[in-house]
Amino acid sequence: MPPHSKVTGASLSSVANVNGQSKRGPTSTSTGSVGTRLKSLVVLSVLAGISGILFRHNPSSYAVCSSNDQAIYTVDSTKPQVQCILISGSRIQSTGFLDDIIKSRSPYTQPFTNFLQGVLRQDLPIHYIPEGSIVVPGLSDSHAHILEYGATQQLPLEGTKSVSETVERVKNFILSNPDILNDKTKIVTGGGWDHTSWPSSVWPTAADLDKDPVIKGRPVVLQSKDCHALWVSSEAMKGSLPFPKEVDGGVVVYDDQGNPTGLLLDNAQELLKQPELTNDDLLRRFLVTVRDAHRHGLTSIHDAGLDPMSLAFFKTQAENGKLPIRIYGMKYFNETAEYFGDKLKPLVSADNRLSVRSVKIFADGALRTGGAALYEPYDDNPSTNGFMRIESSVLYDVIPKFLRDGWQVNVHAIGDRANGIILDVFESSLKGVNVTALRPRLEHAQMMTVADMKRLGKLGVIASVQPTHAISDMWYAQERLGPKRIRSLYAFRSILDNGARITLGSDFPVESMNPLSGFYAAITRLSPTGESPHGPGGWFPEQRLTREEALRGMTIDPAYASFTEGFLGSLEVGKLADFVVLSKDIMTVPASEILSTKVLGTVIEGQVVYGEL
């Protein structure tokens with residue numbers, strides 16, 4: 001059968017002609033001939049009836065196969081590669097060679113199944129993937145921000161090389177949108193600027209925005225690449241002034257005259273009052289994210305920090321109909337609000353498309369903005385060693401409570417001091433409990449001492465890491481941390497070798513949403529152009545992951561980290577049929593070809609949501 005063929009609707013003649021030989025003889029009116037013909041008709045009727053029963057029982061069955069080899073990567077240790085998968089409705093019914101899955105369709109025993117095999121084969125739609133392509137389980141992003149991504153796509157600022165170029169992009173956006181251009185009260189939002197990629201690494205200011213005549217007098221709010229800083233115009237600040245001089249877990253940047261410059265770091269971002277978003281605003285952002293996620297082969301996303309507005313929006317979407325993508329939500333923890341762990345119950349929708357059973361706590365800031373909490377001062381700024389965004393006493397109080405009340409606890413921790421403190425709290429909180437039932441996570445786990453890497457493995461805490469952060473930060477990290485401490489940054493191999501379990505994400509919109517970017521970064525530790533501070537061999541290449549580890553990190557490991565490994569994360573019998581067709585075999589092609597690989601089809605519960613089969 002040629003690739004891409006579908007054969008459906010077995011005819012009565014094909015049922016009778018299972019061996020390709022005609023059973024018809026010369027026409028005869030003899031009694032024997034009539035009897036034979038009557039017997040044949042009875043047999044044909046019985047077979048047709050059985051066939052009808054079989055196919056009415058599984059009307060949505062189809063197979064996905066590779067034509068010449070076993071190009072379906074199942075992430076199932078017992079059958080890691082197969083030729084075909086059989087989908088029945090929303091689930092996987094069988095995996096293996098084509099003949100095996102054909103046999104698995106029949107409820108009857110041998111030898112009757114052998115007799116029906118031709119019928120079963122001809123009735124079953126078979127989708128052959130193109131030569132050189134592969135199938136993998138549906139891809140997951142273990143740490144991302146769904147609505148924030150949709151917001152940044154309105155005015156993306158990533159890639160600008162200076163303050164002036166960024167301001168120019170904002171101006172052009174205003175000029176190209178008449179509804180904003182003609183109404184100076186409309187807020188302009190965007191995101192992705194990165195001062196570390198600018199020549200002098202200077203922080204931008206409100207004055208930089210206000211000096212452009214098109215922008216002046218407009219409320220402009222621009223989120224940094226790492227989402228740990230806001231750059232705002234003077235008009236945007238007006239309704240929030242005066243800002244306090246000191247902010248717990250954050251910084252308002254002031255000039256020499258004591259005036260705010262328009263830059264708010266970490267917790268200080270919450271001081272800015274912004275217009276309430278409408279449901280239409282949220283829906284528009286959500287649909288942009290879903291569109292791009294499906295295009296990149298994502299079937300599940302772990303949203304790392306749902307505020308009340310986002311959570312209410314996703315709940316409403318789930319109640320109004322099936323969500324177009326799976327969302328594993330982490331409910332944002334606000335230390336100034338009342339403890340909610342014993343008042344709210346974890347939420348899991350009936351169709352498993354929305355799950356909110358974890359809490360997200362912020363421990364420190366980010367390395368890029370100098371807010372990651374370190375044991376020793378920054379090499380490039382000895383006046384600070386970063387800061388904790390939350391008091392240790394609060395952590396020791398609420399983390400045991402959340403775990404006791406059935407919530408998974410996921411803590412943002414980047415610097416070595418922050419990770420050490422959180423592991424101290426976890427070690428105290430997890431004594432005598434079933435860690436597998438709780439599955440606490442360190443979100444980012446970017447920088448850890450060797451002792452803490454060992455402790456991470458012993459405690460059973462999951463490290464939720466983002467490989468693309470490593471290739472973004474490698475260009476400035478040594479200047480910030482020095483040649484010794486940098487070895488403890490993004491040490492993925494060391495974390496694994498010390499017995500910890502990792503799960504991979506992107507932190508989009510901070511980094512590219514494309515999971516293949518993370519796969520490539522994890523196995524090469526090179527920039528997309530094949531470069532690194534250590535040359536073409538990769539940045540600290542001893543910390544690379546294998547391709548198998550990287551694939552697991554985007555499939556079965558995120559499923560484990562979200563308590564869904566029983567029905568997601570691998571292509572096994574009984575699991576939901578979430579899978580992706582990739583144009584190239586990322587498990588074998590040269591690493592330089594991975595980023596040119598395209599998603600040909602994305603399937604959720606057996607239904608194509610992007611591309612085709």
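Evaluate segment 374-394: report whether one residue or more is basic (Lys, Arg), open to solvent by 40 Å² or more (accessible area, probe 1.4 Å) and in contact with a helix residue (DSSP H, G or I) (Cβ under 8 Å, 6 or more places away or on another chain).
No, every residue in segment 374-394 fails to be basic (Lys, Arg), open to solvent by 40 Å² or more (accessible area, probe 1.4 Å) and in contact with a helix residue (DSSP H, G or I) (Cβ under 8 Å, 6 or more places away or on another chain).
Tell me, which strands (runs of 3 or more DSSP E) lie completely within segment 241-310 with 3 or more residues that are more than 27 Å from the chain's Cα centre (by Cα)?
250-254, 260-266
PRO483 versus (1) over 12 Å from PRO467 (Cβ atoms); (2) touching a His at 6+ places or on another chain (Cβ under 8 Å): which is the lone unmet condition?
(2)
Identify, please: which residue in segment 496-511 is more than 30 Å from TRP193 (Cα to Cα) and touching a residue at least 12 places away in the same chain (Cβ under 8 Å) and is, among those, farthest from the chain's Cα centre (by Cα)?
ASN498
ASP210 versus (1) in contact with an Asp or Glu (Cβ under 7 Å, 6 or more places away or on another chain); (2) more than 30 Å from VAL609 (Cβ to Cβ): which is the lone unmet condition?
Condition not satisfied by ASP210: (1).
Residues that are among the polar types (S, T, N, Q), out of contact with any Lys or Arg (no Cβ under 7 Å at 6 or more places or on another chain), surrounded by fewer than 22 Cβ atoms within 10 Å (Cβ to Cβ) and part of a loop (DSSP other than H, G, I, E, B): does segment 492-512 have at least one?
yes
Can you tell me which residues in segment 193-245 are on the phi > 0 side of the Ramachandran plot and in contact with a helix residue (DSSP H, G or I) (Cβ under 6 Å, 6 or more places away or on another chain)?
Correct list: SER201, GLY217.
Report, by residue number, each residue of segment 490-511 that is among the polar types (S, T, N, Q) and at pLDDT below 95.
Those that are among the polar types (S, T, N, Q) and at pLDDT below 95: none in segment 490-511.
Suppose we keep only residues that are in contact (Cβ under 8 Å) with a residue 60 or more places away in the chain and of a type in the set (D, E, K, R) within segment 262-300. Which one would you say is surrounded by the most Cβ atoms within 10 Å (Cβ to Cβ)?
Step by step, filter segment 262-300, then rank; the result is ASP266.
Among the residues of segment 188-213, which ones are loosely packed, with under 15 Cβ neighbours inside 10 Å and either at pLDDT below 90 or not charged (D, E, K, R) (or both)?
PRO199, SER200, SER201, VAL202, ALA207, PRO213
Quick one: would you say LYS431 is more than 22 Å from LEU551 (Cβ to Cβ), part of a helix (DSSP H, G or I) and open to solvent by 10 Å² or more (accessible area, probe 1.4 Å)?
Judged against the criteria, LYS431 is not a match.
Every residue, every condition in (1) part of a strand (DSSP E or B); (2) over 29 Å from the mean Cα position of the chain (by Cα), yes or no:
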position	(1), (2)
ARG169	no, no
GLY192	yes, no
PRO204	no, yes
LYS238	no, yes
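Which one is nearest to ASP212 (Cα to Cα), of the residues in segment 129-144 that are buried (at least 24 other Cβ atoms within 10 Å of the Cβ) and touching a Pro at 6+ places or on another chain (Cβ under 9 Å)?
For segment 129-144, the residue satisfying everything is ALA144.
Output the residues belonging to segment 146-171 that are touching a helix residue (DSSP H, G or I) at 6+ places or on another chain (Cβ under 7 Å) and within 30 Å of THR299 (Cα to Cα).
ILE146, LEU147, TYR149, GLY150, ALA151, GLN153, LEU155, LEU157
Under 7 Å between Cβ atoms, at least 6 apart or on separate chains: pull out the pairs that start in segment 156-178 with a residue that is in contact (Cβ under 8 Å) with a residue 60 or more places away in the chain and end on any residue that is open to solvent by 30 Å² or more (accessible area, probe 1.4 Å).
LEU157/ARG169
Could you list all residues from segment 481-491 that are more than 15 Å from GLN543 (Cβ to Cβ) and open to solvent by 10 Å² or more (accessible area, probe 1.4 Å)?
Scanning segment 481-491 gives PRO483, LYS484.
Within the bounds of segment 531-549, is there any residue that is charged (D, E, K, R) and open to solvent by less than 40 Å² (accessible area, probe 1.4 Å)?
Among the residues of segment 531-549, not one is charged (D, E, K, R) and open to solvent by less than 40 Å² (accessible area, probe 1.4 Å), which makes the answer no.
Quick check on my filter: what residues within segment 318-344 are open to solvent by 50 Å² or more (accessible area, probe 1.4 Å), touching a residue at least 40 places away in the same chain (Cβ under 8 Å) and farther than 28 Å from LEU271 by Cα?
Hit for segment 318-344 is ASP342, nothing else.
What single numbered condition from (1) hydroxyl-bearing (Ser, Thr, Tyr); (2) more than 34 Å from the chain's Cα centre (by Cα); (3) buried (at least 16 other Cβ atoms within 10 Å of the Cβ) fails to hold for THR185?
Condition not satisfied by THR185: (3).
Filter segment 592-606 down to residues that are closer than 23 Å to SER60 by Cα and touching a residue at least 40 places away in the same chain (Cβ under 8 Å) and give me whichever is most open to solvent (accessible area, probe 1.4 Å).
Taking the candidates together, the pick is LEU600.
Looking at VAL581, VAL589, which is the one that is outside any helix (DSSP H, G or I) and either of a type in the set (Phe, Trp, Tyr) or in contact (Cβ under 8 Å) with a residue 40 or more places away in the chain (or both)?
It is VAL581.
Consider segment 172-190. How many of its residues are of a type in the set (Val, Ile, Thr) and part of a strand (DSSP E or B)?
Total meeting the criteria: 2.
Report yes if ALA521 is open to solvent by less than 30 Å² (accessible area, probe 1.4 Å), among the small types (Gly, Ala, Ser) and closer than 25 Å to PRO590 by Cβ, otherwise no.
Spelling it out, ALA521 is indeed open to solvent by less than 30 Å² (accessible area, probe 1.4 Å), among the small types (Gly, Ala, Ser) and closer than 25 Å to PRO590 by Cβ.
Just name the residue that is farthest from the chain's Cα centre (by Cα) out of those in segment 441-480 that are crowded, with 24+ Cβ neighbours inside 10 Å and part of a loop (DSSP other than H, G, I, E, B).
Among residues in segment 441-480 that are crowded, with 24+ Cβ neighbours inside 10 Å and part of a loop (DSSP other than H, G, I, E, B), the one farthest from the chain's Cα centre (by Cα) is MET448.
Residues ARG357, ARG417: which one is modelled with pLDDT of 95 or more, within 30 Å of ASP578 (Cβ to Cβ), out of contact with any helix residue (DSSP H, G or I) (no Cβ under 9 Å at 6 or more places or on another chain) and open to solvent by 40 Å² or more (accessible area, probe 1.4 Å)?
Testing whether each residue is modelled with pLDDT of 95 or more, within 30 Å of ASP578 (Cβ to Cβ), out of contact with any helix residue (DSSP H, G or I) (no Cβ under 9 Å at 6 or more places or on another chain) and open to solvent by 40 Å² or more (accessible area, probe 1.4 Å) leaves just ARG357.
The values are calculated or read from the model by the stated rules, or taken from the named source; none is laboratory data. Computed from a predicted structure; not experimentally measured. A quick note on method: Cβ atoms are made from the backbone with ideal geometry, for glycine too, and the neighbour counts reach across all protein chains shown. Note: accessible area is taken over every heavy atom of the protein model, side chains too, but ligands, DNA and RNA are not part of it. Shrake-Rupley method; radii C 1.70, N 1.55, O 1.52, S 1.80 Å.
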